[in-house]
Every structure is written in C-alpha cells, then in structure tokens.
Amino acid sequence: MDKTLNNENQEELEERAKEIEAKTVDTNSLPRYIAVTGILSAAAFVLQYIELAIPIMPNFIKFDFSDLPALIGSFAMGPYCGILIELIKNLLHSAVSQSFGVGEISNFILGAVFVAVAGAFYKHKKTKTSAVAGSLIGAAIMALISFPSNLFIVYPFYYNFMPKEAVLGMYQVILPAVKSIPQALLVFNVPFTFIKGMISVLITLLVYKPLSPILHGRRG
C-alpha cells in the first residue's frame, strides 16, 4: 500500500517537474499550443478516413482511430486542446461528408465529452492512475451519450436514405433476437463506442510518454 502511494507521489512529482521545465524551455507556449493542436487535428482528420469493418457490427458502422490524436492533445495540452482537435477534425470532415454535418455533430459531441473528461482528470492529477480513471469515465459517458445521439439525431437522418426496417434488419442478421432500434443501439452501439474509446486509451498510454517531450518542446 505504502509502496503504491510512494510510486504515485513520485510519478506526480516527476510530471510537475516536467511541467516547470517545459514552461522554462518553451517561451513561445501559445505558438506551440497552436502548432500541436494543428498537427494533431490534421492527424485526426486523416485517421478518420482509415476505417475498419467490424464483423460483429452492421457494415455501415466502422471503426477508426480519429479520437486518438485528440486524447493525446488533451493529456499534453489540456482538455480544451482535445475539444479543439475534435472540432477541427469534424469541421474539415463535414466539407467532404455526405451526412450534411449530422454525423460530424454527433462525432464531435461524443469525442469532445470523451477527451474533455479524460484530460480534466489528468490535468487535476498527472499520474497514470488518474489518466486511466478519467479515460474510463470519459469512455463510459461517451458510450451512454451515444444512445440518444444515434437514436434521435443520426439514425433519423439515415432513415431518409434507408428504411428503418432495413437498418434494423442489418442488426437482426447478426442477432435475430433484436426487435427494435433502441434495443439494437443498447446491445451493439453502446458497448462498441466504449470499446472504441478504450482502444484509443490503450494506444495513448503506450505512446504518450515518448511523445511527451516532443509535444512540450523538451529535449527528453
């Protein structure tokens, strides 16, 4: 117990020391903030096009890693940076999207909640435990919000192009016991959204430490 607490305190002290060093080294903090936000936004925009089909999901639902740069930005520069990355990513995507901004609005709401909660926890206490706890809570909230977002915003828009019965039928091919769109969203989309968030968290935890000196303008 004491050893765990000591490790946590040591980790927090190291992060605070790095923050002080970063403020000393990086005298142009606003330009760096803008540069990091822009680079990560561009990366998120590109990753939004690298979509993977999931065998246990209907084929119109794809997996992408576009929340990953926003989560990294939220940990590195604070939650507002993560929200900005989600906003810029979706504004860029809306210019070439066929969803008339509906999908992008939903994506922004979900992604912004996720990275803002995770980033706020980490900003309050800069330890790996805090980052994981904030990410878990953020991913859970994102998953919960995905239910009303899909039910009342995204899917009604899709019904203009595909009958509601056809959308439900795509879920029933995978799981015949599903009898309604709300049930399908609870069984498929909510868990999928949570898992998608946690995959971004796992990758972020693996790459954040080596990326942190670059993002903060430190030598190492």
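The values are calculated or read from the model by the stated rules, or taken from the named source; none is laboratory data. Since we're looking at a predicted model, the values are computed, not measured. When we count neighbours, we look across all protein chains shown, and the Cβ atoms used for this are built from the backbone with ideal geometry, even at glycine. The accessibility values were calculated without ligands, DNA or RNA, using every heavy atom of the protein model including side chains. Shrake-Rupley method; radii C 1.70, N 1.55, O 1.52, S 1.80 Å.
Some points to look at:
- Selection among Gln172, Phe161, Phe188 by position relative to the dipole of the chain gives Phe188 as farthest towards the positive end (Cβ unit charges, Cα centre).
- For the chain, calculated [θ]222 nm from helices alone, where every DSSP H run of n ≥ 4 adds -39500 (n - 2.57): -24500 deg cm²/dmol
- Between region 155-220 and region 67-97, the alpha-carbon center distance in angstrom: 16
- Shown for region 54-163: the carbon plus sulfur share of the solvent-accessible area, taken with all protein chains present and a 1.4 angstrom probe, equals 74%.
- Sparsely packed loop sites in region 98-133 (the trypsin sites (Lys or Arg not before Pro) outside DSSP H, G, I, E and B with at most 16 other Cβ atoms within 10 Å) comprise Lys125.
- Nearest-ten-degree value, helix 102-124 long axis tilted from longest Cα axis of the chain: 30
- Computed E for Gln172/Val96 - FRET, C-beta separation, R0 30 angstrom, nearest 0.05: 0.40
- 0 to 90° range, to nearest 10: angle between helix 128-149 axis and the chain longest Cα axis: 20
- Within the chain, the longest segment free of exposed loop sites, counting chymotrypsin sites (Phe, Trp or Tyr not before Pro) that fall outside DSSP classes H, G, I, E and B and have at most 12 other Cβ atoms within 10 Å, spans 101-160.
- Across region 212-217, coupling constants 3J(HN,Hα) worked out from phi with the 6.51/-1.76/1.60 Karplus curve, θ = phi - 60°, read 3, x, 5, 5, 9, x Hz, and Gly and Pro carry x.
- Legend: residue pairs Lys89/Lys179; Lys89/Lys196; Lys62/Lys126; Lys126/Lys209, Cα-Cα distance threshold 23 Å; pairs beyond threshold, Lys89/Lys179; Lys62/Lys126.
- Gyration tensor verdict on region 89-220 (Cα atoms; rounded if a/c is under 1.5, prolate if a/b is larger than b/c, oblate otherwise): prolate
- Phe161 versus Ile56: modelled label distance in nm, points set 7 Å from Cα along the beta carbon direction: 2.7
- Compared with the rule-of-thumb size 2.2 N^0.38 Å for a compact globular protein, region 159-220 has a Cα radius of gyration ratio of 1.87.
- With R₀ set to 22 Å, the beta-carbon distance separating Val46 from Leu202 gives a calculated FRET efficiency near 0.60.
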